[in-house]
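Values in this text are rule-based calculations from the coordinates and carry no lab data. Because the structure is predicted, anything quoted here is derived from the model rather than measured. Heads up, the Cβs are rebuilt from the backbone with ideal geometry, glycines too, and the neighbour counts pull from every protein chain shown.
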Amino acid sequence: MPDLRNLAIWALLALAVAGWGVGCAERTRAGVLTTQLKAVTGQRDAARQGLAELNGAVTRQKAEAAATLASLNASVLAQQKRIDAAAAAQEKTDATNGSTVEHLREQLRAARLRAGTAEAGGCGGGGGGAPGKAGAGAGDRAGGGAQAAGLLPDPEAAADDDAYEADRVNLAYASCRARLLVGAQTLDSPSNR
């Protein structure tokens, strides 16, 4: 029986070597998996850190953009207030200038009416001549009967109307030019640079 015993020992030894080999293979495979797990965990941690840095950069950029927007809004608001104040001042100046032109025009009309009344008063009320003489005829008057009756426009009044319209155009031009200059000053202000 010695042979059977040796055979059993050899079979047990073969099984032990095979078990040891399988165990080594499993340990090697477990080591590879552990190494791969460590590598993947490292990549995951690096990705998380990159994402956190990116989120931090986005948060900083949002804060900077909000501060820049607030600054620009304040600048626009200040410029709009300056423009509105300049426009209100210009409208006040325009109204003053317009009323001055109207007042001067009315004074000119009144003076012209007084002058016309004074000229008509010198001719007399009913014909203006000595008793027994015929009244002045249409040919004796400087402008003729049509002008005296108001059918033809008074040339001086027409010239005054033209001057009045020219004054109004000049005032409108001055107003537009003043507004343009205020706008140019606003655009050139240091806050726009």
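Points worth noting:
- The modelled label-to-label distance for the pair ALA30/ALA63, using points 7 Å beyond Cα in the direction of Cβ, is 4.9 nm.
- Phi to ³J(HN,Hα) by Karplus 6.51 cos²θ - 1.76 cosθ + 1.60 over region 105-113, Hz, x for Gly, Pro: 5, 5, 4, 5, 4, 4, 5, 5, 5
- Theoretical gain in end-to-end length, ARG112 to ALA184 [0.36 nm per residue, Cα-Cα removed]: 21.5 nm
- Residue-count net charge about GLY98 - beta-carbon cut-off 14 Å; Lys, Arg +1, Asp, Glu -1: -3
- Förster radius 45 Å - calculated FRET efficiency between LEU15 and ALA39, Cβ distance, rounded to 0.05: 0.80
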